[in-house]
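Asker: Encoded as structure tokens, here's the structure I'll be asking about.
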Amino acid sequence: MTRLEVQRLVPHTDVILRSPRNWTAILFFAGLSSLHAYLAASAMVHARWEGFMSAMFAITFAGVSLFCWLMRSEVAVLAEERKLRLRTGVRRLCIERFIPFAQVRTVRLTLLHPKHPTAARIELVCDREVIDCPPTSVPRQEALCLAITMGVRLVKVYSDAFGPVAERLQHLPLNEESHNDE
């Protein structure tokens, strides 16, 4: 067996990870819309025809801001079908693609700071790409759940904020068999 095979006694459950809204883009386009609405109103008060162009920009940027507010991205782990579903879009109007578990090589957990778990990144390393998972407040548990569900290895990457590697490794229990061989 080259891959991890885990016998499950519980039924397969699907895990769906949804990304939060991109508030930076929402507020940026809403600000541009407000700016152009102000310019359109002041131009129209002074009977200038440029106000119509600013009004069109205000409506366009308001539409883009609304689209960014509705836009969602999700990574679904479909355990029963043994594949990932990547979906990006607005409700039923979305782009969807599937990646079988056989193409997933590892789950990479990058821990950036020991006191800020939300700064961690979870990535699914596949044959031809690396898929970012949405941010979470429990990255270690979520990464372990994903690795066990897909039957792949979990790779942890620590930043310098965790201290030297030697300090972390000296707290690990020694393997008695390898210790006796020396």
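None of the figures in this text is laboratory data; all of them are computed from the coordinates on show. Only a predicted model underlies this, so the values are computations on that prediction, with no experimental measurement involved. Don't worry about glycine lacking a Cβ; one is built from the backbone with ideal geometry, like all the others, and counts go over all protein chains shown.
Asker: Please compute one quarter of the surface area of the Cα convex hull for segment 71-173 and express it in square nanometres.
Answerer: Approximately 8.0 nm², given one-decimal rounding.
Asker: Mind checking segment 33-125 for chymotrypsin sites (Phe, Trp or Tyr not before Pro) that DSSP puts in a loop (not H, G, I, E or B) and that have at most 10 other Cβ atoms within 10 Å?
Answerer: Loop-located and lightly packed - W49.
Asker: What do you get for GluC sites (Glu not before Pro) in segment 80-156 restricted to DSSP loop and a cutoff of at most 12 other Cβ within 10 Å of the site's Cβ?
Answerer: Those that pass, being in a loop and sparsely packed, are E80, E129.
Asker: Assign one of three labels to segment 23-70, namely rounded, prolate or oblate, based on the Cα gyration tensor with a ≥ b ≥ c the square roots of its eigenvalues; rounded applies when a/c is under 1.5, prolate when it is not and a/b is larger than b/c, and oblate otherwise.
Answerer: It is prolate, given that a/c is not under 1.5 and a/b is the larger ratio.
Asker: Just report the Cα centroid separation between segment 123-153 and segment 66-116, whole Å.
Answerer: 10
Asker: Label F28 and C145 with points 7 Å out from Cα along Cα→Cβ: what is the distance between them in nm?
Answerer: Using points 7 Å along Cα→Cβ, the separation is 3.1 nm.
Asker: Name the residues whose placed amide hydrogens come within less than 5 Å of the amide hydrogen of R105, ignoring near sequence neighbours (fewer than 5 apart) on the same chain.
Answerer: Counting only residues 5 or more places away or on other chains, the set is V125, C126, D127.
Asker: Would you grab the residues whose amide H sits under 5 Å from the one on L17? Only those 5+ places off in sequence or on another chain, please, with H modelled 1.01 Å from N.
Answerer: Hits under the 5 Å cutoff: V75, A76, V77.
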